[in-house]
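Rule-based calculations on the coordinates, nothing more; no lab input. In this text the structure is predicted, and so the values were computed from the model without any measurement. Quick reminder, even Gly has a Cβ in these numbers, built from the backbone with ideal geometry, and neighbours come from all protein chains shown.
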Amino acid sequence: MDFTEHVAKRLLSRHDIPTPPSILVGANWPTTDLARAMSTFEGRPVAVKAQVPAGGRGKAGGVVLTSDPMSAVNQMAGSTLGVHTVDQILVEHQVDIAHELYLAIAVDGSTSGPLLMFSPDGGVDIEASDTPLTIMALSIGSEPDVSELTAVLSEAGCPEPVTEVAQVAARLFAAFVDADAELLEINPLAVTGRGAVVALDGKLTVDDSAAGRQEALARNASVPPTTGLEAKAAEHGLRFIELDGAVGVLANGAGLTMTTMDAITHYGGRPANFLEIGGDAYTLAVPALEVVLANPKVRSLVVNFCGAFARCDVMTGGVIEAWKTLQPDIPVFFSIHGTGMDEAREMVRRELDAEPFDYMDDAIKAAVAAAGEDQA
Amino acid sequence: MILQQGQRVVVAGLTGAQGSFWSERMMAYGTNVVAGISASKAGTEHLGVPVVGSFAEAAERTGLDVAVMFVPPGAALRLTLDAINSGAQTVVVLTEFIPVHDTMRMVAAARDAGTALVGPNTAGIVTVGQGFAGFMPAFNDRIFTPGNVGVVSRSGSLGTLACMELTRVGRGQSVFIGVGGDPVSGTSTGEALQALDAHPGTTAIVLIGEIGGSKEEEAAEVAASISKPIAAFIAGRAAPVGKKMGHAGALIVGDKGTYDSKRAALTEAGVVVVDVPSQLPSALGA
């Protein structure tokens, strides 16, 4: 789950990391309410920031520095930034910035633990910076040692007050654990002219698998843009991605589904979709097939099952039921192997009068040929 | 992390639908399942073995070498820590959708105790012809046949496919290690390669990877010092950039994680990388 800046900052504030005073306004607020809210800034310089979950927001015009927040908000409300429509805007005090730092904690697959990342060159150009990120492995079960953090940050070129930045890093770790975060990033973390340390932007990604125990956060998650079919699949808990090709794919497990797409491409075709029905979703063949066939670009279908946990007989039963209900006007090519394969293959012969292929490659070649070679 | 003949296997979730289905097949295949764990059914018997309330109790009553988790995500951390603290040598966590912060805690505890943690979100481990722990169709002789090729895979269904392609051309398998599909796991692909390198019954290795993460790039560093022939297939070459394919692809660090990065790293290390899984046997020289 991804979140916009103000959700991340609320998490930071709860963990005593300073953020500028701010007001969150809705794009649909009546003018009188908006005027009343903006009057509290008393003409001070503010930053008006579109709340969209996308990087590079500042460069795309999503951040305006002004002393007239009313007109900036009115201009920004309802506009589009990339694929997102701006429906919430954060207005906050500008800060007298002396230094911009980068500070983040992420789950690291290489060390199987949390990793702290720091750069003294924070801000919008972090990706172009020549200074490599300083990284430090943290242990999940214990609080980081502030004096050790201070030493690492000093060594990495962190300006004064280093101890305060180290404190922020320790609190960032507490917030990271508290939120089941995959990534919690402050960029920039500002050091002001008076030596205060303030988080000016926040980015938060929370583990989807933790949504059940992070209910309050989950309610505020940004909804990623999807096609109509992707949204329909998501209603059934299916992971579906619409692609440009004409060969529909129904397979079990992310790995085998990607492999089916790879093989379609290898044999000269183009896949129409990614759809995984492995794991706990292996009984969902009916809604899965509905989604795949609802895509008008599909001209042939590969059903590729390789059952380990997912039982081929259960999945194939669902496909046959759906096929009989939907009666699609396209050819289908089966490759069925693994747990329950004999029952499943017999069902295909009996119910659909079709012969499953012995080799996955042959099923895919046949589906590519049936879809036609002139795939635009 | 390789299942040894006679090792005492204790199954958490033995009495559940999936736990029963697969444990019965594990036992029929020769796996030495000695007990099950269930808080609500402790004191009973299931599939001819005692059901007890915890791994600590199982360790005392029946002995414990390998723990297998057929349990929901919310129970996985507590039971895995129980198994580690009760002296399991290997813990196989099959559960999908475990919060990654729980997984990080499991991995840290396993490292401290010197326990081999396989998974989470793995299809398990197979020692072909002897036993298996998890949900692989080891008992299907058109997929698994005894031989000398060791197979390591993130995905269970792709591992099944790879073994089937080997069996078709008469190349049997020694060991299957499913390292699991999550971005954070107890056993890395590189560690699995090391185990297969040290395994006397294995003379050649098949590696099945996926885009996302840096498991294959790290495995390439290990592969460079292994003299047994290795063939690899990496799934996801045709996947669109910037879309998360299932649970894979969660964390791409710098240029690592892409298909090209993985293929280049493995090729550099002397691994033969194929375009489709059916090319795996010939890449091993079969």
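Computed packing ranks the peptides A:321-333, B:75-87 as B:75-87, A:321-333, most packed first, by mean other Cβ atoms within 10 Å. Note down the net charge around B:GLY134, summing +1 for each Lys or Arg and -1 for each Asp or Glu among other residues with Cβ under 14 Å from its Cβ. Once positives and negatives cancel, what remains is 0. Taking the DSSP bridge list for chain B and keeping only pairs wholly inside it, about 20 percent are antiparallel. Rounded, prolate or oblate, given the Cα gyration tensor of the stretch B:1-65, with a/c below 1.5 counting as rounded? Cα axes put the stretch B:1-65 in the oblate bin.
Calculate, for A:THR227 and B:ARG61, the FRET efficiency according to 1/(1 + (r/R0)^6) with r their C-beta to C-beta distance and R0 56 Å; round to the nearest 0.05. Here the calculated transfer efficiency is 0.50. Once backbone amide H atoms are built at 1.01 Å from N, A:SER79 has A:VAL86 as its partners under 5 Å, excluding neighbours fewer than 5 places away on the same chain.
Computed from phi, the 3J(HN,Hα) profile of the stretch A:358-368 under the Karplus parametrisation 6.51, -1.76, 1.60 (θ = phi - 60°) reads 6, 10, 4, 4, 5, 4, 6, 4, 5, 5, 5 Hz, with x in place of Gly and Pro. In the stretch A:228-375, the DSSP beta bridges split such that about 20 percent are antiparallel, to the nearest 5. Using the Karplus relation 6.51 cos²θ - 1.76 cosθ + 1.60 with θ = phi - 60°, the per-residue 3J(HN,Hα) values for the stretch B:166-171 come to 5, 4, 4, 9, x, 8 Hz, with x marking Gly and Pro. Find, among the trypsin sites (Lys or Arg not before Pro) in the stretch A:1-83, those assigned to loop by DSSP (not H, G, I, E, B) with at most 14 other beta-carbon atoms within 10 angstrom. For trypsin sites (Lys or Arg not before Pro) across the stretch A:1-83 that sit outside H, G, I, E and B with at most 14 neighbouring Cβ atoms in 10 Å, the list reads A:LYS59. Residue order for A:THR192, B:THR95, A:THR265, fewest other beta carbons within 10 angstrom first, comes to A:THR192, A:THR265, B:THR95. Counting only DSSP H runs of at least 4 residues, each contributing -39500 (n - 2.57), and dividing by the residue count of chain B, the helix-based mean residue ellipticity at 222 nm comes to -9500 deg cm²/dmol. Only Cα pairs under 8 Å and 6+ residues apart enter the sum, and on that basis the relative contact order of the stretch A:228-375 stands at 25 percent. When the pairs A:LYS324/B:LYS262; A:LYS9/A:LYS59; A:LYS324/B:LYS215; B:LYS228/B:LYS262; A:LYS9/B:LYS262; A:LYS203/A:LYS232 are compared against a 31 Å limit on Cα-Cα distance, A:LYS324/B:LYS262; A:LYS324/B:LYS215; A:LYS9/B:LYS262 fall above it.
Computed about its Cα centre, the charge dipole of chain A is approximately 880 debye, with only Lys, Arg, Asp and Glu carrying charge at their Cβ.
From least to most packed, judged by other beta carbons within 10 angstrom and beginning with the fewest, A:MET261, A:MET315 follow the order A:MET315, A:MET261. Three semi-axes describe the equivalent ellipsoid of the stretch A:97-218; taken as square roots of 5 times the Cα gyration tensor eigenvalues and ordered largest first, they are 24, 16, 14 Å.
Under the criterion of Cα pairs below 8 Å and six or more residues apart, the relative contact order for the stretch A:252-302 equals 34 percent. A protection proxy built from the mean count of other Cβ atoms within 10 Å ranks the segments A:351-358, B:169-176, most packed first, as B:169-176, A:351-358.
Taking a point 7 Å out from the Cα of B:ASP260 in the direction of its Cβ, the residues of the stretch A:256-274 whose backbone N falls within less than 20 Å of it are A:262-263, A:265-266. Let me know the mean shielding of B:157-167 by other chains, meaning the per-residue number of their Cβ atoms within 10 Å of its Cβ. So the per-residue partner count for this stretch is 6.
Per DSSP helix of 4 or more residues, -39500 (n - 2.57); summed, then divided by the residues of chain A. What does that give at 222 nm, rounded to the nearest 500? Estimated from H runs of four or more residues: -10000 deg cm²/dmol. Computed on the Cα trace of the protein assembly as shown, the radius of gyration divided by the Kirkwood hydrodynamic radius gives Rg/Rh = 1.00.
With the largest listed first and rounded to whole Å, the semi-axes of the equivalent ellipsoid of chain A from the Cα gyration tensor are 50, 25, 17. Per residue of peptide B:111-123, the mean number of Cβ atoms on other chains within 10 Å of the residue Cβ is 1. Please figure out what share of the DSSP beta bridges in chain A is antiparallel and state it in percent, rounded to the nearest 5. If we restrict to bridges inside chain A, about 75 percent are antiparallel. Mean silhouette area of the stretch A:275-376, derived from the convex hull of its C-alpha atoms and averaged over all directions, reads 6.1 nm².
Between B:GLN4 and A:ASN220, the simple spin-label model (points 7 angstrom out along Cα→Cβ) gives 5.2 nm. Per residue of A:236-245, other chain Cβ atoms within 10 Å of the residue Cβ number 2 on average.
Answer with one residue from A:PHE41, A:GLY58, A:ALA27: the one whose Cα lies farthest towards the positive end of the charge dipole of the stretch A:1-81, charges on Cβ with Lys, Arg +1 and Asp, Glu -1. Toward the positive end, the furthest listed residue is A:GLY58.
Note that chain B shows a convex hull volume over its alpha carbon atoms of 115 Å³ per residue.
Put in order of Cβ neighbour count within 10 Å, fewest first, the listed residues B:ARG61, B:ARG168 become B:ARG61, B:ARG168.
Determine the relative contact order of chain A: mean sequence separation of Cα pairs under 8 Å and six or more apart, normalised by residue count, in whole percent. 13 percent.
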